[in-house]
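Working notes, structure below.
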């Protein structure tokens, strides 16, 4: 199968800042591909280059067989794009915006209205279709944004942080829609996210991006298996040094949040009783202990030395990656 | 199983039309934005008419052509309203960029011309509507017009100027991407108006003021419109008014298209 999105050495600099630093990608038609990384990692900048909104400063990329710089017009016809900040004109109604988007893509008026109705129904906005978007909730805007990006039945769909800031219900509804599109229509989806669960749930393959570079790429399950051992997290009362010494004999240290200690438990769950016994003999008072099967967060931690969970709670929402003037 | 959609070709005319419709809708749906551009010119007209009406009596030549000072003020009032209102196009463009709607447009196969046409058509429609509005109000208050032909020229010039000033506003919007920056340039409109013969006959100006007003194209348009509206139809004056307005509009479009392309090259 020929890849539908290819990037080779894709790079974007803003002055001295290297936002995207040589990204290579090869995504097959029909894949759901997840771009996982913290705020400012270069996810959005990469998507902006792939969607022809930003010119790479080095490298090149092809989407749906067309070069994103030299054949930008062809690329734009083939792709659907829902960008991070759900840029929707608050003064217009849902159905007016769908109509506008359809006309921009050259869809005949009759077909456009029919498709508009279907799409709005699919995303559950029929009742709100004639209301101004300014009155929509955050979840409704995202759903409208998705409907808009689908008007011309694109081969490739780009979703930039489609669920950031959404409540859990709206998030699940959006996931369901993405799965449906991929399954029923074979739409290739590239989505960026800072949520581990989202990448895990939706994407067949993911790339972890940090400081503008892809640090890991593969199927979530394979990546987790690569980490191998489960993570043992221990919180103690008093001096953590003694505990750290004991734990070091059972596996390598892993990055952890707060004051907890974490190791990759080399021998797996069978070693747990031995760990407890050793800690007890060393006089360590354990306050909390948990053993977790490898997650994408462990994959991220192994690749970057930092944890994504917690840091990406959406608390830094709105932090925008360097934008061109 | 992809449902095949008949291959479609983006059409510049349809794109321009649908984007123009959006621009007009955004004016209709936020009337508070255009109300000042309707109110203030009337305020100035009332103020000036009250202040200068009796001076005209001291100038027999002037009084012969303009029985009421409102007759003199009518074109200036219209153009003032149009100039005030047409900065809106630039503000909206900057808003689109700030909000991200501009990106949505650029990621679709929209022609770059359609983006500009759509933006300026809203202003042109507003300009024409304003011209009719001011003419009707001032006539109700006693201004006189010589006929429908001159009024039509007034409406056409208003539309063209709205495109012209709107176009320069769009350039600012594109260059800065900030609605506030566009609004910050608003006083330039005042300078343009007050250094023309909008509120004061050029024959009575002296020194540098007279010189500046003589070279200000707004003066050319205003004076031609005055002749038309008070003395009756003159093809020469109509051509001067329309050609000057059209020249400004054409220049603005050229500059705006260049700004748009430049932004696309830099960003896209």
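Within the range B:224-239, the set of residues being under 19 Å from the mean Cα position of the chain (by Cα) and surrounded by fewer than 20 Cβ atoms within 10 Å (Cβ to Cβ) comprises just one member, B:239. Restricting attention to the range A:22-51, the residues that are within 23 Å of residue A:70 (Cα to Cα) and buried (at least 18 other Cβ atoms within 10 Å of the Cβ) total 13.
Residue B:102 - would you say it is under 22 Å from residue B:153 (Cα atoms) and buried (at least 22 other Cβ atoms within 10 Å of the Cβ)? In short, no.
This table checks each residue for (1) closer than 25 Å to residue B:243 by Cβ; (2) touching a residue at least 24 places away in the same chain (Cβ under 8 Å); (3) part of a helix (DSSP H, G or I).
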{"site": "B:134", "(1), (2), (3)": "yes, yes, yes"}
{"site": "B:142", "(1), (2), (3)": "no, yes, no"}
{"site": "B:149", "(1), (2), (3)": "yes, yes, yes"}
{"site": "B:154", "(1), (2), (3)": "yes, yes, yes"}
{"site": "B:157", "(1), (2), (3)": "yes, yes, yes"}
{"site": "B:160", "(1), (2), (3)": "yes, yes, yes"}
{"site": "B:164", "(1), (2), (3)": "yes, yes, yes"}
{"site": "B:167", "(1), (2), (3)": "yes, yes, yes"}
{"site": "B:175", "(1), (2), (3)": "no, yes, yes"}
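For the residues A:65, A:73, A:80, the requirement of being within 14 Å of residue B:106 (Cα to Cα) and either more than 7 Å from chain B (Cβ to nearest Cβ) or buried (at least 20 other Cβ atoms within 10 Å of the Cβ) (or both) singles out A:80.
You will find that of B:89, B:94, B:121, B:107, the residue that is touching a strand residue (DSSP E or B) at 6+ places or on another chain (Cβ under 7 Å) and under 30 Å from residue A:52 (Cα atoms) is B:107 and no other. When residue A:242 is tested against the conditions (1) under 30 Å from residue A:18 (Cα atoms); (2) out of contact with any helix residue (DSSP H, G or I) (no Cβ under 8 Å at 6 or more places or on another chain); (3) in a helix (DSSP H, G or I), the lone failure is (1). From the list B:64, B:57, B:13, the one residue that fits, being within 14 Å of chain A (Cβ to nearest Cβ), part of a helix (DSSP H, G or I) and without any contact (Cβ under 8 Å) to a residue 40 or more places away in the chain, is B:13.
Conditions tested, residue by residue: (1) surrounded by fewer than 21 Cβ atoms within 10 Å (Cβ to Cβ); (2) closer than 25 Å to residue B:15 by Cβ; (3) touching a helix residue (DSSP H, G or I) at 6+ places or on another chain (Cβ under 7 Å); (4) away from every other protein chain (no Cβ under 14 Å).
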position	(1), (2), (3), (4)
B:89	no, yes, yes, yes
B:119	no, yes, yes, no
B:137	yes, no, yes, yes
B:141	yes, no, yes, yes
B:167	no, yes, yes, yes
B:178	yes, no, yes, no
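Put simply, of A:65, A:40, A:73 the only residue that is within 22 Å of the chain's Cα centre (by Cα) and either assigned by TED's automatic domain parsing to the domain that holds residue A:145 or touching a residue at least 60 places away in the same chain (Cβ under 8 Å) (or both) is A:40.
Of all residues in the range A:107-118, none are buried (at least 23 other Cβ atoms within 10 Å of the Cβ), in a helix (DSSP H, G or I) and out of contact with any helix residue (DSSP H, G or I) (no Cβ under 7 Å at 6 or more places or on another chain). Considering the conditions (1) within 14 Å of another protein chain (Cβ to nearest Cβ); (2) assigned to a helix (DSSP H, G or I); (3) buried (at least 22 other Cβ atoms within 10 Å of the Cβ), residue B:110 is excluded by exactly one of them, (2). When A:251, A:238 are checked against the criterion of being touching a strand residue (DSSP E or B) at 6+ places or on another chain (Cβ under 9 Å) and without any contact (Cβ under 8 Å) to a residue 24 or more places away in the chain, a single residue qualifies: A:251.
Residues of the range A:95-151 that are more than 12 Å from chain B (Cβ to nearest Cβ) and in contact (Cβ under 8 Å) with a residue 60 or more places away in the chain: A:142, A:146. Take the conditions surrounded by fewer than 22 Cβ atoms within 10 Å (Cβ to Cβ), assigned to a helix (DSSP H, G or I) and without any contact (Cβ under 8 Å) to a residue 24 or more places away in the chain and apply them to residue B:49. Does it pass? For residue B:49, the condition - surrounded by fewer than 22 Cβ atoms within 10 Å (Cβ to Cβ), assigned to a helix (DSSP H, G or I) and without any contact (Cβ under 8 Å) to a residue 24 or more places away in the chain - is not met.
Reported count of residues in the range B:225-236, each being in a helix (DSSP H, G or I) and without any contact (Cβ under 8 Å) to a residue 40 or more places away in the chain, is 3.
Listed here are the residues, each with its yes/no results for (1) at pLDDT below 85; (2) closer than 23 Å to residue A:222 by Cα; (3) not assigned by TED's automatic domain parsing to the domain that holds residue A:207.
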| position | (1), (2), (3) |
| --- | --- |
| A:268 | yes, yes, yes |
| A:271 | no, no, yes |
| A:279 | no, no, yes |
| A:285 | no, no, yes |
| A:315 | yes, no, yes |
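Within the range B:26-46, the set of residues being in a helix (DSSP H, G or I), within 14 Å of chain A (Cβ to nearest Cβ) and either free of Cβ contacts under 8 Å to residues at least 12 places away in the same chain or buried (at least 16 other Cβ atoms within 10 Å of the Cβ) (or both) comprises B:26, B:27, B:28, B:31, B:32, B:34. Evaluation of residue B:124 against the conditions (1) surrounded by fewer than 22 Cβ atoms within 10 Å (Cβ to Cβ); (2) at pLDDT 90 or above shows that the sole unmet condition is (1).
The values are calculated or read from the model by the stated rules, or taken from the named source; none is laboratory data. None of the values given here were measured: they were computed from a predicted structure. Positions of Cβ are generated from backbone atoms using ideal geometry, with glycine treated the same way; all protein chains shown enter the neighbour counts.
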